[in-house]
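A quick write-up on the structure given underneath.
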Amino acid sequence: MFGLEMPPLNAETWAILGTLLLLEGLLSADNALVLAVMVRHLAVNLQRKALAYGIGGAVVLRILGVLLASYVLEYWWLRAFGALYLAYLAISHFVKKGHSEDEAAASARGRGFWATVVLLNLTDLAFSVDSILAGVALIPRDMPPEQGLTIVVIGGVIGLILMRFAATIFLKLLNKYPAFDNVAYALVGWIAVKLGIETLEAAHEHFPAVPTLHLPQAVFWGGMAAIAIIGTVIATRKPAMSDAEAEARAEAVVHQMDDTVADAADGRVDGR
């Protein structure tokens with residue numbers, strides 16, 4: 001079930017890994033920003049403690065998500081749920097008004113310490129599911145599950161690494177050009193279409209009455225490229241702030257995360 005096999009390093013594999021790098025970077029940075037915002041209503045000493053639980057939850061949930069991805073790759077009906085969830089995620093992003101950090105602050109405001117910790121981990125769960133399902137959806141249906149799971153594992157590791165080591169870069173990007181969020185979720189929406197079509201193909205094999213469609217790989221990757229290029233041009237038209245301000249805000253969030261990890265490592269998770 002959890003066997004791993006290295007996929008062939010062809011153009012398609014590199015395209016999948018490159019897409020995961022972009023999505024994991026943007027989603028991980030968004031995750032870090034939301035976590036930092038959600039603890040602001042707590043006392044300073046409790047902010048670090050709650051963040052420590054939140055960061056720990058992100059790591060644990062990402063690992064569990066990667067393990068559960070093997071089931072999603074194996075059972076077509078789980079892929080159907082994945083396609084519906086990714087579609088809901090993309091649609092809800094564009095339908096909602098306001099920024100995710102504003103909503104996160106509003107949902108956490110007034111909550112006690114443990115209620116905030118629970119909310120942090122539910123947020124981690126949502127981000128983990130988003131990333132893992134996007135990774136699963138990118139895997140070609142005819143790829144052996146062992147190779148597909150290897151790519152998902154690599155994507156999960158990329159997400160954990162980017163949440164720390166490249167967080168400043170992606171946070172700065174999101175601070176200066178908030179519309180890059182739209183690019184990420186537009187890509188997620190197109191990935192949901194791919195997963196949905198592949199689910200119909202798989203269902204048709206078991207139930208011939210189910211209508212089937214086919215999305216050529218060239219069309220899918222052409223759509224991904226078009227969304228990325230056009231979205232980037234639109235997103236970078238009007239920067240929301242200067243480079244210096246964007247970098248300062250990004251470094252503030254990363255510094256807060258670093259302090260939390262350092263406190264947890266030396267036994268002072270409460271910041272004292």
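The values are calculated or read from the model by the stated rules, or taken from the named source; none is laboratory data. All of these numbers come straight from a predicted model, not from anything done at the bench. For neighbour counting, all protein chains shown are included, and Cβ atoms are generated from backbone atoms with ideal geometry for every residue, glycine included. In case anyone asks, the SASA skips ligands and DNA or RNA and just uses the protein heavy atoms, side chains included. Shrake-Rupley method; radii C 1.70, N 1.55, O 1.52, S 1.80 Å.
What the table shows:
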| read-out | value |
| --- | --- |
| Long-range neighbours under 8 Å by Cβ, at least six apart or interchain, first residue closer than 18 Å to LEU17 by Cα within the range 209-230, second modelled with pLDDT under 85 and of a type in the set (A, V, I, L, M, F, W, C) | ALA228/LEU22 |
| The range 4-63: number of residues that are part of a helix (DSSP H, G or I) and either farther than 19 Å from ALA126 by Cα or in contact with a strand residue (DSSP E or B) (Cβ under 8 Å, 6 or more places away or on another chain) (or both) | 15 |
| Every residue from the range 160-179 that is in a helix (DSSP H, G or I) and at pLDDT 85 or above | LYS176 |
| Flag for ALA36 being closer than 18 Å to ASP130 by Cα, crowded, with 20+ Cβ neighbours inside 10 Å, modelled with pLDDT under 80 and not aromatic (Phe, Trp, Tyr) | no |
| Selected residue (criterion: surrounded by the fewest Cβ atoms within 10 Å (Cβ to Cβ)) from residues of the range 71-100 that are β-branched (Val, Ile, Thr) and over 20 Å from GLY156 (Cα atoms) | VAL95 |
| Cβ-Cβ under 9 Å pairs, at least 6 apart or on other chains, the range 12-24 side within 13 Å of GLY148 (Cβ to Cβ) and hydroxyl-bearing (Ser, Thr, Tyr), far side open to solvent by less than 60 Å² (accessible area, probe 1.4 Å) and assigned to a helix (DSSP H, G or I) | THR13/GLN147; THR13/ILE151 |
| Boolean, LEU68 is open to solvent by 60 Å² or more (accessible area, probe 1.4 Å) and either hydrophobic (A, V, I, L, M, F, W, C) or in contact (Cβ under 8 Å) with a residue 60 or more places away in the chain (or both) | yes |
| Residue identified as among the aliphatic types (A, V, I, L, M), modelled with pLDDT under 80 and either part of a helix (DSSP H, G or I) or open to solvent by 40 Å² or more (accessible area, probe 1.4 Å) (or both) among VAL157, VAL153 | VAL157 |
| Residue list for the range 209-241, filter: outside any helix (DSSP H, G or I), modelled with pLDDT of 85 or more and loosely packed, with under 12 Cβ neighbours inside 10 Å | PRO216, ARG237 |
| Residue in the range 243-250 that is touching a residue at least 12 places away in the same chain (Cβ under 8 Å) and within 23 Å of SER92 (Cβ to Cβ) present | no |
